[in-house]
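Accompanying notes for the structure given below.
Quick note: the coordinates plus some simple rules give every number you see, no bench work behind them. The structure displayed is predicted, hence computed values, not measured ones. No Cβ is skipped: glycine too gets one built from the backbone with ideal geometry, and neighbour counts run over all protein chains shown.
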Amino acid sequence: MLNNLLENSIKIITVEEGILAGGFGSAVLEWLSINKKEISLFPIALRDEYVEHGTQAELRKKVGLEINSIIKKITKSTQEK
């Protein structure tokens with residue numbers, strides 16, 4: 001699947017509700033490295049830190065994983081390149 005995406009994409013963005021280390025974004029980075037693929041990957045994941053209790057909506061907003069925060073991160077990443 002990643003090979004097919006790379007034919008049509010110049011940037012891959014991964015989003016997950018886990019930490020980056022050992023997560024999906026990390027696995028994609030590893031695959032790209034092993035297969036010597038040069039493509040921009042922007043992983044969005046949790047920081048490896050304690051998160052207080054709250055509703056899902058509250059926590060997603062607090063850690064930057066609700067839709068508006070994700071859009072801002074993606075927009076900022078595309079403007080940097």
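Some notes on this structure:
- DSSP-loop chymotrypsin sites (Phe, Trp or Tyr not before Pro) across the stretch 14-50, with at most 10 other Cβ within 10 angstrom: Tyr50
- From the Kirkwood radius over Cα pairs of the chain, Stokes-Einstein at 25 °C and 0.890 mPa s returns a whole-number translational diffusion coefficient of 177 µm²/s.
- Residues whose placed amide H lies under 5 Å from that of Gly18, excluding near-sequence neighbours: Leu46
- Model label sites at Thr75 and Leu29, defined 7 Å from Cα along the beta-carbon direction, differ in position by 2.6 nm.
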